[in-house]
1. Could you list the residues of region 284-318 with an amide nitrogen less than 19 Å from a label point located 7 Å from the Cα of Arg259 in the Cα-to-C-beta direction?
2. Once you place label points 7 Å from the Cα toward the Cβ at Asp155 and Lys128, how far apart are they in nm?
3. What order do you get for 251-258, 309-316 when each peptide is scored by the mean count of other beta carbon atoms within 10 Å, highest first?
4. Work out, step by step, the length gained on full extension between Gln277 and Asp317: first 0.36 nm times the residue separation, then minus their alpha carbon distance; give nm to one decimal.
5. May I ask which of Lys78/Lys216; Lys65/Lys106; Lys80/Lys216; Lys216/Lys273; Lys54/Lys297 have a Cα-Cα span longer than 26 Å here?
6. Can you compute the charge dipole magnitude of region 214-322 about its Cα centre, using +1 on each Lys and Arg Cβ and -1 on each Asp and Glu Cβ, nothing else charged? Give it in debye, rounded to the nearest 20.
7. What Kirkwood Rh does region 255-322 have if only Cα atoms enter the pairwise 1/r average? Answer in Å.
8. Give me, ordered by chain and number, the residues 5 or more places off Tyr113 or on other chains with an amide H under 5 Å from its own placed amide H.
Amino acid sequence: MKRIILLTSLLLLLVISCEINEDSAGNFSIYMLKDDGLSYWDIKDVDIDDLELKDDPWISSDDIKFYDFSTHNIYLNKSKSRFFDELADSSQLYMFHFSSKPFIVKAGNQRIYIGSFFSTVSSMSIGKMPTISDGYVIFYYPDDIIPIEFRSEQDDPRRDPRIRNALIQDNIYHGGLSVELLDVLILDNSDTSTIQYTFKLTNRDSDDLYVFDPDKTGSSVFHYYTYGVDFRDESTGTYLSSQYKVSENAEWSTDWYRRLDKGKSMTRTVTLKGYPQIPPGNYKCYFYYNTPIRIDKDHRTIHNSRIWLGRVWDEYDYNYTE
C-alpha cells in the first residue's frame, strides 16, 4: 500500500511539473506548416491551435546567439542561408520567390502568433501581421541576422510576454534600446520648414552598447539613416515629412558611435530642414531611430562592446499654433 501511495504521489508531482513547465517553458522556436501549399491568407482566420505544424522547428533557440527584443532581430550562430536553403527545398521559397507562406512562433508548447514570409516584388499588401521580408533578409541585413518586421504601431504580437519569458529562460534574451521623443519645435515655418526635435535613448540591454550618435555624425549623415520626425494631422490623416537627404552614399564609420553603458540614457537635440509648410493643428509625431544595419558581425565590436543596429520608434502629441 505504501508503495502504491508513493508511486501515485510521484505521478501527481510529474503531472504538476509538466503543467508548470508547459506554462513557463523556454525553447523559443519558429515552425512552418506541414502543408507547404497553404498561404497566410488561407489560414489567417483559422485558430492557431488547429494548424498542423512540421515535426521539427525551422529555427529554434539552439540556432540563435541572441534575440534583440527591442528590434525583434534574430542573431543566428550560423549563416542564415542555411535556413533559407532548407526552406527552398521544401516549399520553393527563396529570394524573390517568397509567396505569403505562413510561419508560427512558439514559446515552449504555446503557439503565440502567425507571421508570413513576404516578397518586396509581390503585389500583395503586407497587412497587419509580422513578416520576414526577402528584401530585408537579402539586401539590408548581414548574414547572421533575420529580422521579424511588423508594420503597425499598435497590438504588436512580437512583444508577447510569453516570448520574452521563453527567450530569458533560453538565455538568448537581449533588451536592446528604447527611444523616447521628448520634444518637437518648429524653428522656421515656410515653403521649406525647419524643425528641432529632442529624443532620449536608453540602454535596456545586459551589455554596454555602442549607439549611433547625431552629435558625432552631424545632422546630414544622421538623417541619411534616420528620417527625422513625421507629422500626422489627427483630423485629416495627412502626413508631413522632410524631403531633405544627403545626395551621396554615407558609408558607415565607427566614428559615428558612442558607448552607452547598460541601464544608462543619453539625450540628443537635432535640427532637420526640408519640411513643407506646416499648418496649425493637432499632430501625432512619429520618430523612428534607424541606424546603419548592414554591418558584418566581424565589424560590430568597438573596444569589446557591441554596436547596436536596427530600428526603434516613439510618438509624441504636438499641438501647433502659429
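Read-outs: derived from the displayed coordinates by stated rules, not from any lab. The model shown is predicted, which means the values in this text are computed figures rather than measured ones. Cβ sites come from the backbone with ideal geometry, for glycine too, and all protein chains shown count toward neighbours.
1. 299-309
2. 0.4 nm
3. The densest-packed peptide leads the list: 309-316, 251-258.
4. Numbers: separation 40, 0.36 × 40 = 14.40 nm, distance 1.86 nm.
That pair, Gln277 and Asp317, stretches by 12.5 nm at full extension.
5. Working: Lys78/Lys216 33 Å; Lys65/Lys106 17 Å; Lys80/Lys216 32 Å; Lys216/Lys273 19 Å; Lys54/Lys297 31 Å.
Check vs 26 Å cut-off fails for Lys78/Lys216; Lys80/Lys216; Lys54/Lys297.
6. 520 debye
7. Its Kirkwood hydrodynamic radius stands at 15.5 Å.
8. For Tyr113, whose amide H was placed from the backbone, the distant partners under 5 Å are Val105.
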